[in-house]
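Everything below concerns the one structure shown next.
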Amino acid sequence: MHTNTNSWILKGMICYSKSKEELSVMENGYLVCCQGICQGVFPSIPEEFKSLPLTDYQDALIFPGMTDLHLHAPQYPFCGLGMDLELLEWLENHTFPEESRYCSLDYARQAYGIFTEDLKASPTTRAVIFSTIHSPATKLLMDLLEDTGLATYVGKVNMDQNCPDFLREADAHAALEDTRQWLKDTMNAYRHTKPILTPRFAPTCSAALMEGLGKLQREYGLPVQSHLSENLSETAWVKELFPWSSFYGDVYDRFGLFGSGKGNNAPAVMAHCVHSPREEVLRMKEKGVFVAHCPQSNTNLSSGIAPIRSYLEEGLFIGLGTDLAGGTNLSMFRCITDAIAVSKLYWRLVDQSAKPLTLEEGFYLATIGGGSFFGKVGSFEKGYEADVLVADDSLIPRPQGQSIQNRLARFIYLSQEKGKLIGKYVAGRKIF
Ligand code: GUN
Ligand code: FE
């Protein structure tokens, strides 16, 4: 009855978040997956699952896959450049010129080929991705992502003002027509790859464009991604461009691009939220907006430090993002340790009441936190989609008798030198 390649049992040192504060651990445990869905973690194989194929990973660590809630696929080729600039200068000098190259499908094939191969090998099992304004290259990226087996949302970017001629949609009407066609072409074309509406950020989107995107959102019930309150020059600019707005996020909300409330199945994800005023935070909570916290990008572009502790206390939906190429590192392990590191600086330098993130909290944000954007994702509890990483930490030196918790912590911090991912599954599908 369970014979299906997405039905299996993995054995090993199993670890997942029981809550934000606590890990659940089972040594030599059995993770059971039927038709892509976790049935639970057991000390021995329950009778009803005895017929499933078993992979014994022995001493390796087995934990949930990670969701990268915000990154830009076309920016991968210039990772590490322009890191002496702030956001608006970096966009103008590096980002826009590079993104304009994706009008060439040949260039896109080469660059996206490298990106998707590296993403496949990374700790990321799910991702929410920006492409560029170019529909053909965006479809190509979606084809390549589909082939990896990862689960992703991909957004053709919309921008029709305050950007160079070489990277601007002709006008709102043309942008909306093109976006509608792209949606029709991609909405039902893939199994694991879905479109997401993507106004780049308020400054590069006319009111007419956002109005039309809001209509598309309602017509198709689509999720939305954008940037919010990342940088001080940016927030001041938004106030100038949209003087009627109460705060930055109010612009998106006015056009129906800010989620539609708790429990909606088409939420919005907003990257950064470094400088969000209190009213903005409350609106995000009311609308069920996901915050994509991008600590490395916020450091590289001198944007600031998002007050993640207060967002956690407020009960916002929060995940982590690499924000390539504001962030220069594709690894969600690095993203976890960066989130922890900047939370310590915030605590020491800005707000002594904002306790730093713990490793357990960082791990939670990277797994369940961001995974929730996709539904029941990021845990091994019964009913969750089976997204799994298998990690060999045998080359990371360790004293005898280390706990699974300590081994996981050291893998997250040290894997880039000596750790190795030896298995990856998304909704039960074996990626490698
Ligand atoms: N705001 C608008 N576009 C971008 C982008 O490409 N990266 C980042 N980090 N912020 C943005
Ligand atoms: Fe970004």
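Here, each number is a calculation from the coordinates, and none is a lab measurement. These numbers come from a predicted model, not from an experiment. Cβ coordinates were reconstructed from backbone atoms using ideal geometry, including for glycine residues, and neighbour counts include every protein chain displayed.
The table below gives the values:
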item: Tail weight of P(r) past 16 Å, computed on alpha-carbon pairs of the range 81-184, percent; result: 61 percent
item: Quotient of C-alpha Rg and 2.2 N^0.38 Å, computed over the range 351-422; result: 1.30
item: Dimensions (Å) - the range 189-330, Cα atoms, principal axes, largest first; result: 40, 38, 29
item: Dipole moment magnitude, nearest 20 debye, the range 224-289 about Cα centre, only Lys, Arg, Asp, Glu C-beta charged; result: 240 debye
item: 10 Å-binned pair-distance histogram of the range 1-148 (Cα, whole percent); result: 10, 28, 24, 19, 15, 3, 0
item: Difference of contour (0.36 nm per residue) and Cα-Cα distance, ASP165 to GLU92; result: 25.1 nm
item: Spatial extent of the range 310-360: Rg and Dmax, with the Cα atoms as the point set, Å; result: 11.8, 32
item: Net dipole in debye of the range 124-258 [+1 Lys, Arg Cβ; -1 Asp, Glu Cβ; about Cα centre; nearest 20]; result: 380 debye
item: Calculated FRET value between ALA208 and ASP59, using beta carbons and R₀ = 41 Å, to 0.05; result: 0.10
item: Computed lengthening from GLU117 to GLU279, 0.36 nm per intervening residue step minus Cα-Cα distance; result: 54.2 nm
item: Gyration tensor verdict on the range 42-116 (Cα atoms; rounded if a/c is under 1.5, prolate if a/b is larger than b/c, oblate otherwise); result: prolate
item: Debye equation applied to the C-alpha atoms of the chain, log10 I(q)/I(0) at 0.06, 0.13, 0.14 Å⁻¹; result: -0.23, -1.12, -1.29
item: Sorted by Cβ density within 10 Å, fewest first, the residues TYR153, TYR248, TYR311; result: TYR311, TYR153, TYR248
item: Long-range Cα-Cα pairs in the range 109-262 (distance over 25 Å), rounded percent; result: 31 percent
item: Simple Cβ-charge dipole of the range 355-397, Lys/Arg +1 and Asp/Glu -1, about Cα centre, in debye nearest 20; result: 200 debye
item: Label-point separation in nm, ASP106 to SER51, each point 7 Å along Cα→Cβ; result: 5.5 nm
item: Distance in nm between pseudo-label sites at LYS239 and LYS18 (7 Å out along the Cβ direction from Cα); result: 4.7 nm
item: P(r) histogram, all alpha-carbon pairs of the range 218-279 included - 5 Å bins from 0, percent; result: 4, 18, 27, 25, 14, 9, 3
item: Share, in percent, of DSSP beta bridges within the chain that are antiparallel, nearest 5; result: 45 percent
